[in-house]
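What follows is calculated from the coordinates using simple rules that are stated; it is not laboratory data. A quick note: this is a predicted structure, and the numbers were derived from the prediction, not measured. No Cβ is skipped: glycine too gets one built from the backbone with ideal geometry, and neighbour counts run over all protein chains shown.
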Amino acid sequence: MGKLLRRFGDEYSAALADELERLAGEGLQCDQRFVQGFLRSRLERRQGPLRIRRELILRGIDSAQALAALQTVEEERWQALATEALQSRYGDRDDGALERREWARRAGFLQRRGFTTEQVRAAMARHGD
């Protein structure tokens, strides 16, 4: 609703609230359905839970609802996504140990995609096997 208020102004706030309530009553506007679709699209893009949660909150989704949706994805899936993102960006496994600078660059790439430190470590270990 915040986005609508910015566009149309506070003078329409009551009308906007009524219309959103009507749409929700008819099942045409549902935050839960939005969250599930958004989560699916971000998983396809190989984004991590931290980034997805932040983006959901920025779109007006309650923090608890965003967290609940993210918890439906198993930890192994997050680690697999991080590994896939790493392989997609840098190719197949490395033949040797990475230099410290290159390791940090790759880890930073995964962190910017929203993966946790544990998920980054697991993906880096898998990718280096």
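For the reader, a short list of remarks on this structure follows.
- Karplus-based coupling profile of segment 107-124, in residue order and whole Hz: 5, x, 4, 5, 5, 5, 7, x, 8, 6, 4, 5, 5, 5, 4, 5, 5, 5, with θ = phi - 60° in 6.51 cos²θ - 1.76 cosθ + 1.60 and x standing for Gly or Pro.
- Shape call, segment 75-128: gyration tensor on alpha carbons, a/c limit 1.5: prolate
- Positive-end residue, segment 75-128 charge dipole about Cα centroid, Cβ charges, pick of Trp103, Thr83, His127: Trp103
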